[in-house]
Structure formats: C-alpha cells, structure tokens
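Have a look at the structure below before the remarks.
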Amino acid sequence: MRNLNKLIISSITIGMISITTLNSPTYIDAQSQQNHSVEHLKWIDTTTIPHNQSYKGTTVGGLSGISYDAKNNNWYLASDDRSEKSPARFYEAKINYNQHGFKHTKFTNVHTFKQPDGSSYPNKNKYQHQENQAVADIESVRIDPITQNILYTSEGDRSLGLNPFIREADSTGQFLADIPITNNIKMDKDNKHGFRNNLALEGSTFSTDGQSIWTSMEGSLLQDGQISTTRSGSFSRITQYNRNGELISEYAYPLDAVPGNPGANKTAENGISEMLAINNHEFLALERASVQSADGAYHNYVRIYKFDTKNATEIKNMDSIKDKKIKPVHKQLVANLNEQDIGKIDNIEGMTFGKQLPNGNDSLVLVTDNNFNQSQKTELIAFEVQPEDK
C-alpha cells in the first residue's frame, strides 16, 4: 500500500526492482476544488479517429478511458488492448474544440504501462502466472489532481486467476503504487463470490478535492444477486478509498433493466462503464447497455445519470447485499443519448469533463471503444454541460 498524498522525490533499488519512495504531502486548496453543476447535456459535435490509425508503432483503438488535465491542457486516453496488438498503453493528445464543434485531434505521445518489476504487461498467451505479474485489461484512466500521476484500473480475468486492480503510474507509465481492492470484489474458487468477468472494475474518478478515489463496478458482484435483465435491474457497487488505499465508504447503485431485447440465444447486458465526480457527494454515471440482435450485431443504449450518495445505505461492511433492505444512491437522468440526434451510438466507454467553453459552461467528452473491429468506430463526442438553475 502506498500513500498517494505524496510526491515522488527519489528511488531506491532492491535487487533488480526499483521502488519509488514518496513524501512531502501536497493538497489542493479548498477554493480550487473542481466542483461542477450538471442539469442537462447539449450535444456539440462528434469526430472520428480513422480505423487502425498507426501512431509511433502502435494501433490506435480500444480506447476505454479518457481524462483531461486542465492544468496543462492535455488529454490522456487509455487502450484496453490486452497487449495483443501493442503493449498495454495510454496516449497523450491535444483535442481542440469549442461550442460549435471539433477543430482537430492530434496524438502527441504514447506510453507503455509497466508492471512493478519494470516490464511491460504480457498478453494472455505469454502470461506466466507469476506473482506480481498480470494481463492488463485497462478500463479507466484518471489524472491525479495533486501529483499529476496516472491512476488506472484493470478488470481482471477469472480464467487466469487475476483479480481486478487499481494502480498508479508516473507520466511515462512507470509503476508507482497499488491501491488494494476490497475483499468482496476478489474471486473465490467456487465461482460464488467476487467480480464477474467483463463486468468488473470499469469506472474511476478522483473526488473533486483530490483527497479520495472512487470506483464503480460495471455489474453486480456474484454474491449480490443477478445482473440486469430485460425484466429487472440490479445493483453494482460504488466504492470510495482514501489516498492511502483504505476503504472509506461503499454504496449500492441501481442499474437499469436492459432496455432492448436480444435475438434468440444472443446476449444482452447493462452496466456502468464510467463515473465522474461532480462535487463531494454527487457523480455522473455512464450506463451502457449492449444488446445482440439475431444477426450477431450489437446495439448500444447509453444513458448518463447524476447520482447522489447522501442518505444512501453504507454497505462497506456487507459482503453481500442480496435480499438486504438497503437504500441505494438516488439517481436522475441527465441525458439519454439514444434520444438525441447524434447518429449511431457506438460502444461508449470513457467520460471526462473537458475544457471550459467560451460561454463559461463546462464541457463533457466521451470516447468510444471500437474493439479493434472494422464495423465499429473510435469516436470523441463533445457536449456542453448545462448547469442547474440557481
């Protein structure tokens, strides 16, 4: 466990492993907290990144996380490529837009995420099942507002015996710290406890004061009940850690029922693909449902909700919430993207507040994951955030 309050100042070497030591706490001034006000979203524009675009020897695609660094006007985008096309990585970019539309998107750098021993993450075929080794399935990336380091999450893989993880890297992808996950997320040998494959640790956000980390599970834990179906919703978990990686709080988030019917013997699911802090108790949740039609094609339903943790039941000490009388977080719809005139809704996975627009309103930018599939697109979608009436 590492203390993320601290800044990197030195490194020591033990054997062949370099371990970064951290000290000198630095805090965000209370007056500079990045609080936001969100009532509705107004679509601005969508821009498409060419399929299989090559950048510095890597294939741009699978973009599952996006984060904007307002201090340096820089954008970070993580790929969920499991080191199959190129090593697990994140990109830096300059994304230029205003309230009328996108002007240009330019990638400026790419960095490989490193494991604790300094090596790149292997793909599934090269994974050796060694301690402190993993196959990374990166789903969320965030800029630490205090240290400017990179926080990222991985979904894990039950078939490989790998739990999800939360890690911190420096600006070049070098490993800095592990943030321990809660025990109720971890898998068991009987497949009755912990995360579900591909419905695991999907979203993350720093609190607006930078003093804590929040994560969201895409779907319900095995011990918490069934996943969402076309007939009923379910519960995922929203978890808060302090900067030492210690559990602070946890709440149940009520997922919608799947809003479409799949073809015969086809799949349908709904879950949280990303979350974002608005203030110290309100957040945005990106709910994305994927429904497979009879011909095998997928249709996506994407809704953005605002939810409030105030008055919700504290569940951090509940290993299971199945059949428990709890009060989940309260949520309200901000935008149903399928009801907006923005074209086909693809596999939206990332969400971040962007730069402030000339009229003073915030912007919100989404990114789609094309799964390196020719039939899908890598897109950036920009919205104007319309604030609540005061």
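Brief remarks follow.
- Full extension of the chain between ASP308 and SER320 yields a length gain of 2.2 nm, computed as 0.36 nm times the residue separation minus the alpha carbon distance.
- Computed on the Cα trace of the stretch 279-390, the radius of gyration divided by the Kirkwood hydrodynamic radius gives Rg/Rh = 1.04.
- If you wrap the stretch 226-290 in the convex hull of its Cα atoms and look at it from every side, the mean projected area works out to 5.4 nm².
- Convex hull volume per residue, computed on the Cα atoms of the stretch 96-251, equals 172 Å³.
- Between the alpha-carbon centres of the stretch 163-190 and the stretch 50-67 there is a gap of 24 Å.
- For the stretch 334-372 versus the stretch 205-230, the gap between their alpha-carbon centres in whole angstrom: 20
- Solvent-accessible surface of the stretch 220-288, averaged per residue with a 1.4 angstrom probe and all protein chains in place: 34 square angstrom.
- Per residue, the accessible area of the stretch 317-390 comes to 51 Å² when a 1.4 Å probe rolls over the protein heavy atoms.
- Too-long pairs where the Cα-Cα distance tops 30 Å, listed order kept, from LYS126/LYS186; LYS71/LYS327; LYS85/LYS192; LYS189/LYS331; LYS266/LYS355: LYS71/LYS327; LYS85/LYS192; LYS189/LYS331; LYS266/LYS355
- Largest first, the extents of the alpha carbon coordinates of the chain on the three principal axes equal 56, 53, 44 Å.
- In this rough spin-label picture, where each label sits 7 Å from Cα along the Cβ direction, the ASN261-LYS42 distance is 3.9 nm.
- Value of Rg to Rh for the stretch 43-121, rounded to two decimals, is 1.00; Kirkwood radius and Rg both from alpha-carbon coordinates.
- The stretch 40-386, accessible surface, carbon-and-sulfur percent (1.4 angstrom probe): 42
- Highest mean packing comes first when the peptides 150-161, 134-145, 102-113 are listed by Cβ atoms within 10 Å, giving 134-145, 150-161, 102-113.
- Difference of contour (0.36 nm per residue) and Cα-Cα distance, HIS330 to SER249: 27.6 nm
- For the stretch 40-386: relative contact order, % (alpha-carbon pairs under 8 angstrom, 6 or more apart): 17
The values are calculated or read from the model by the stated rules, or taken from the named source; none is laboratory data. Just so we're clear, the structure is a prediction, and the values are computed from it rather than from any experiment. Using ideal geometry, Cβ is built from the backbone for each residue, glycine included, and neighbour counts are taken over all protein chains shown. Each accessible area value is taken on the protein alone, full model and side chains, heavy atoms only, with ligands, DNA and RNA left out. Shrake-Rupley method; radii C 1.70, N 1.55, O 1.52, S 1.80 Å.
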